[in-house]
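These notes concern the structure reproduced below.
The values are calculated or read from the model by the stated rules, or taken from the named source; none is laboratory data. These numbers come from a predicted model, not from an experiment. Cβ coordinates were reconstructed from backbone atoms using ideal geometry, including for glycine residues, and neighbour counts include every protein chain displayed. Side chains included, ligands, DNA and RNA excluded: accessible areas come from the protein's heavy atoms. Shrake-Rupley method; radii C 1.70, N 1.55, O 1.52, S 1.80 Å.
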Amino acid sequence: MGVYILKRFLSMIITLWVITTVTFFLMHAVPGSPFDRDGTKMSEAVLHNLNALYHLDEPIHIQYFSYLTSLVQFDLGPSIFYSPQTVNTMIERAFPVSAQLGFVAIFISIICGIGLGVVAALRHNKAIDYFAMFFAVLGLAVPNFVMATVLIKYVAVEWQLLPPATWGTWKHIILPALALSFGPTAIIARLTRSNMLEVLTQDYIETARAKGLSPFVIVVKHALRNALLPVITLIGALVANVLTGSFVIEKIFAIPGMGKYFVDSINNRDYTVIMGTTVFYSMLLIFMMFVVDVLYGIVDPRIKLHKKEG
Amino acid sequence: MDPLLQLQNVHVTFQTTGGTVQAVRGVDFTLNKGETLAIVGESGCGKSVTARSIMRLIPEHSGKISQGSIKLEGKELLNLTEKQMREIRGSRIAMIFQDAMTALNPTISIGEQIKEGIIRHRKISRSEAKKQAIEMLTLVGISNPERRLKQYLHEFSGGMRQRIMIAIALVCQPSVIVADEPTTALDVTIQAQIIQLFKDIQWKTGVSIIIITHDLGVVAKIADKIAVMYAGKVVESGPVRDIFYRPQHPYTKGLLASMPRLDGDRSIPLTPIPGTPPDLFAPPAGCAFAARCPYALEVCREHQPEETVVDSQHIVACWLQDPRAKQVYPDLAEATGT
C-alpha cells in the first residue's frame with residue numbers, strides 16, 4: 001500500500017507537470033497580452049515597464065523555468081489584473097466558497113441520485129420508475145443555468161422562500177446547490193438504476209433470497225454495494241466537474257467563488273491567474289481520481305491496490 | 001406419518017411476451033427423512049423450476065405456481081405469506097446452486113455470507129455465529145477455517161467455492177437441501193469429491209437431499225430415488241436400482257442408452273434420442289414424448305398417459321405400461337421382423 005501511494009504520488013507530480021507545461025505554452029501562444037485594454041492605449045514606455053515588472057519581456061523559456069521554480073515553492077505569483085493581490089490569496093479566499101457550494105451540490109446529487117436509481121430499479125417498469133427516469137432525462141437535457149433561473153424566479157422571487165443571490169448564510173447555498181446538483185443527480189440516478197437492474201438478476205441475489213433474507217437486507221447489503229462500483233468512478237469525475245463547472249452558477253447567483261476568477265482571468269489574459277487556477281483544479285482532479293481508486297479497493301475486495309505495481 | 005416433503009400436482013407457468021410457458025405441468029413426488037432424490041432430465045424439462053418452486057423462488061413478476069400443493073412435514077407451503085416463507089428459506093429448506101462462482105457475492109467475505117443466514121434465523125450472538133461458521137467450514141473440508149472466513153470468493157478454487165455453498169446451505173441445519181446441478185460446473189475429480197461430501201454430510205446430519213442433475217453418473221453414486229422429468233412432468237420415478245436396471249419409460253431408456261458405459265463396447269456409438277422436446281407454449285394433448293418415441297401408439301398422441309405402478313414405488317406414466325396396452329414380446333417382435 002505504501003509503495004502504491006508513493007508511485008501514485010510520483011505519477012501525480014508528472015501529470016501535474018505536463019498540464020502546467022501545456023497550459024503555459026498554449027496560454028502564451030494565444031494572441032494578446034494582459035495589458036491589451038480595449039479603448040485605452042498605453043504608451044510604449046508604460047507597456048515596457050509593465051512587461052519588465054512581470055518579467056514578460058524575458059525569453060519564454062526563462063519565464064517558464066522561473067514559473068516552475070516558484071510553483072515548486074507553492075508560490076503562484078501575483079495577479080496581473082487584480083494587483084496587488086497574489087493568486088495564492090485569491091484562491092485562499094475564493095476556493096472555500098466554491099468548495100462549500102460544490103460539496104453541498106455533490107452531496108445532494110449522491111443522496112438523491114442513488115436513492116432515485118435504487119427505487120427506480122426496484123420498481124422496474126412501474127410508475128415511479130418512469131417518473132424517476134423522466135426526471136433524469138430532464139436533468140440531463142436542461143442546462144443548469146436554465147434550472148438556476150427557474151429556481152430564482154419561483155422559489156426566490158415569487159414565493160420568497162430563499163434569497164435569490166449572493167453569499168452568506170446557509171440559505172444562500174440551497175438554490176445554487178440545487179441548480180448545480182440537477183445534472184449530476186440525473187447522471188447518477190441513471191447509472192445506479194441500470195447497474196442495480198443488472199445486479200438484481202445476478203445469481204448471488206437468488207442465493208441471498210434462498211437464505212430467507214428480507215428484501216431490504218438483500219438490496220442494501222448484497223445488491224447496492226456491487227451496483228455502486230461504477231457509480232463511484234462517476235462520482236470521482238463529477239466532483240471535479242461540479243467544482244470546476246460551477247462558474248456559470250456562481251456568475252448567476254453572484255457567488256464570490258473560484259469560477260469568476262477562472263473565467264475573468266482568461267478574458268483578461270491574466271497569465272498568473274490562468275496558470276494558478278488551472279494548476280489548482282488539476283491538482284484537485286488528480287487527487288479525486290486517487291481517492292476513487294482507494295475507495296474502489298475498499299468497496300471491491302477483488303481490486304488489490306498493491307498488486308497494480310507489477 | 002407425513003413424509004418430510006410432498007409435492008402434488010405442482011404446475012408452474014411463466015408469462016412471457018410470446019405467451020404462457022407451462023414449465024412444470026403437474027409434478028408429484030415425496031421425500032422422506034434422510035433420503036436423496038435425484039431429479040433428472042434434459043435441459044428445459046422443468047427440473048430447476050421444480051426445485052425453485054419448493055423454495056417458492058420463482059421470479060414473481062413473470063412466473064407463478066398456478067396449482068398444486070407443496071407440503072413440508074404436512075404443512076402447506078403455498079398458503080404461507082412471503083414473510084412466513086422467508087422463515088422457511090435457509091432455515092428448513094436450503095438451496096445449493098450450480099455455479100458457486102456467480103452464486104456467491106464477490107464483495108462480501110465468505111465468513112459473513114455463511115454467518116448471515118444463521119444470524120437471520122437463530123437467535124445467536126455474532127461470536128457464536130462465527131464459531132458455527134468455522135465448524136461448518138471444517139465440516140465441508142476447508143482447512144484453516146479461521147483465516148478463510150475473512151477471505152473473499154476470488155481467493156478460492158472452484159471446488160472450494162462449491163464447498164462454501166454447501167457450508168452456507170448447512171449452517172442452519174435444514175431438513176431439506178435442494179441442490180441444483182451442484183457438480184455441473186466442476187471438473188470430474190472435484191465432482192467426485194463433492195458427491196462424497198454430500199454423502200458424508202447426509203450420514204452425519206441426516207439431511208434429506210434433492211439433487212437436480214442431468215448426469216446419470218452422479219445419480220448412480222448418490223441417489224436413493226430418481227424422478228425422471230420430461231417436458232414439465234415426471235415420466236418415471238422409483239428407486240435407483242429399478243430405474244437403472246428396469247427402466248420402463250422409453251425416455252428413461254433413451255437417457256440410459258445415451259450415457260457412455262465403461263464396460264460397454266466402444267466401437268458402438270452412443271445412441272442419442274432423436275428430435276427435440278416439445279414447445280411448452282403449447283404442450284401436446286397426449287404424451288409429450290410421443291413425437292420422439294419409437295414405440296408411440298395412436299393413444300399416445302391424443303391422451304395423457306396415466307400413471308402405472310410397476311411395483312410398489314416404481315411408477316411410470318406411459319401408455320405402453322398401461323394394463324390395457326397390448327403385450328409386446330420383444331424377442332418375438334424381433335424374430336418376426338415387426
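Would you work out the charge dipole size for region A:91-299 about its Cα centre, treating the Cβ of every Lys and Arg as +1 and the Cβ of every Asp and Glu as -1, and quote it to the nearest 20 debye? Can you show the working numbers first?
Working: 14 positive and 10 negative charges, 76 e Å.
Roughly 360 debye for region A:91-299.
Can you tell me the dipole magnitude for the protein assembly as shown around its Cα centre, using point charges on the Cβ only (Lys, Arg +1; Asp, Glu -1), in Debye to the nearest 20? Don't skip to the answer; put the middle values down first.
Numbers: 60 positive and 53 negative charges, 281 e Å.
Result for the protein assembly as shown is approximately 1340 debye, rounded to the nearest 20.
What share of the DSSP beta bridges in chain B is antiparallel, in percent to the nearest 5? Please list the in-between numbers first.
Working: 32 of 51 bridges.
That works out to approximately 65 percent antiparallel.
Which log10 I(q)/I(0) values, to two decimals, does region A:1-130 give at q = 0.09, 0.22 Å⁻¹ under the Debye formula with one point per Cα?
Debye intensities relative to I(0), on a log10 scale: -0.53, -1.35.
I'd like the accessible area for B:THR205: 1.4 Å probe, protein heavy atoms, all chains in place, Å² to the nearest 10.
70 Å²
Explain nothing, just the number: relative contact order of region A:87-245, from Cα pairs under 8 Å at least 6 residues apart, as a whole percent.
Numbers: 169 pairs, mean separation 52.2, N = 159.
Taking the mean separation of contacting Cα pairs over the length of region A:87-245, I get 33 percent.
Under a 5 Å amide H to amide H cut-off, with H placed in plane at 1.01 Å, what residues pair with B:ALA38 once short-range neighbours are removed?
B:ILE211, B:ASP224, B:LYS225, B:ILE226, B:ALA227
Looking at the square roots a ≥ b ≥ c of the eigenvalues of the Cα gyration tensor of the protein assembly as shown, which shape do they give, rounded for a/c under 1.5, prolate if a/b is larger than b/c, or oblate? Intermediate values should be presented prior to the final figure.
Values: a/c = 2.98, a/b = 2.66, b/c = 1.12.
Prolate is the answer for the protein assembly as shown, as a/c is 1.5 or above and a/b outweighs b/c.
Cα centroid distance between region B:7-21 and region A:169-232, in Å?
If we compute the Cα centre of each part, the gap is 32 Å.
Give me the base-10 log of I(q)/I(0) for region A:91-299 at each q in 0.08, 0.13 Å⁻¹, Debye formula, one uniform scatterer per Cα, rounded to two decimals.
Log-scaled intensity ratios, in q order: -0.34, -0.80.
Sort A:94-104, B:272-282 for me by packing, meaning the mean count of neighbouring Cβ atoms within 10 Å per residue, highest on top. Could the numbers behind the result be given before it?
Values: A:94-104: 19.5, B:272-282: 13.9.
Most protected by this proxy first, the peptides run A:94-104, B:272-282.
Once amide H atoms are built 1.01 Å from N in the peptide plane, which residues 5 or more positions from B:GLU73, or in another chain, come under 5 Å H to H?
Residues meeting the amide H criterion: B:LEU5, B:GLN6.
With charges set only on the Cβ (+1 for Lys and Arg, -1 for Asp and Glu), what does the dipole of region B:40-169 come to about its Cα centre, in debye to the nearest 20?
On the way: 22 positive and 13 negative charges, 72 e Å.
That gives a dipole near 340 debye.
With a cut-off of at most 14 other beta carbons within 10 Å, and DSSP calling the residue loop, which trypsin sites (Lys or Arg not before Pro) in region A:1-92 qualify? Please list them. Provide the component values of the computation, followed by the final result.
Numbers: sites: A:LYS7, A:ARG8, A:ARG37, A:LYS41; in loops: A:ARG37, A:LYS41.
For trypsin sites (Lys or Arg not before Pro) across region A:1-92 that sit outside H, G, I, E and B with at most 14 neighbouring Cβ atoms in 10 Å, the list reads A:ARG37, A:LYS41.
Quick check on my link table: of B:LYS71/B:LYS225; B:LYS71/B:LYS123; B:LYS83/B:LYS233; B:LYS204/B:LYS233; B:LYS225/B:LYS326; A:LYS211/B:LYS33, which ones sit more than 23 Å apart, alpha carbon to alpha carbon?
Numbers: B:LYS71/B:LYS225 19 Å; B:LYS71/B:LYS123 26 Å; B:LYS83/B:LYS233 29 Å; B:LYS204/B:LYS233 33 Å; B:LYS225/B:LYS326 29 Å; A:LYS211/B:LYS33 21 Å.
Table pairs above 23 Å Cα-Cα are B:LYS71/B:LYS123; B:LYS83/B:LYS233; B:LYS204/B:LYS233; B:LYS225/B:LYS326.
Students often check this: by mean Cβ neighbours within 10 Å, which of B:139-145, B:225-231, B:13-19, A:189-195 ranks highest, and how do the rest follow? Could you put the intermediate results ahead of the total?
On the way: B:139-145: 16.4, B:225-231: 25.7, B:13-19: 12.3, A:189-195: 22.7.
Going by the mean number of other Cβ atoms within 10 Å, highest first, we get B:225-231, A:189-195, B:139-145, B:13-19.
Would you grab the residues whose amide H sits under 5 Å from the one on B:VAL310? Only those 5+ places off in sequence or on another chain, please, with H modelled 1.01 Å from N.
B:ILE315, B:VAL316
Give me the net charge for the shell around B:HIS303: Cβ to Cβ below 15 angstrom, other residues only, Lys and Arg +1, Asp and Glu -1.
-1
Would you mind putting B:196-203, A:62-69 in packing order, based on average other-beta-carbon counts within 10 Å, highest first? Provide the component values of the computation, followed by the final result.
On the way: B:196-203: 16.0, A:62-69: 14.0.
The peptides rank, most packed first, as B:196-203, A:62-69.
Determine the shielding of peptide A:216-229 by partner chains: average, over its residues, the number of Cβ atoms on other chains within 10 angstrom of each Cβ.
2
What average count of beta carbons from other chains do you get within 10 Å of the Cβ of residues in A:195-204? Intermediate results must be reported in sequence, preceding the final value.
Numbers: counts 0, 0, 0, 0, 1, 0, 1, 4, 9, 12.
Shielding by partners across A:195-204 averages 3.
Per-residue mean of other chain beta-carbon atoms within 10 angstrom of the beta-carbon, peptide B:105-113?
Average neighbour count from other chains, rounded to a whole number: 5.
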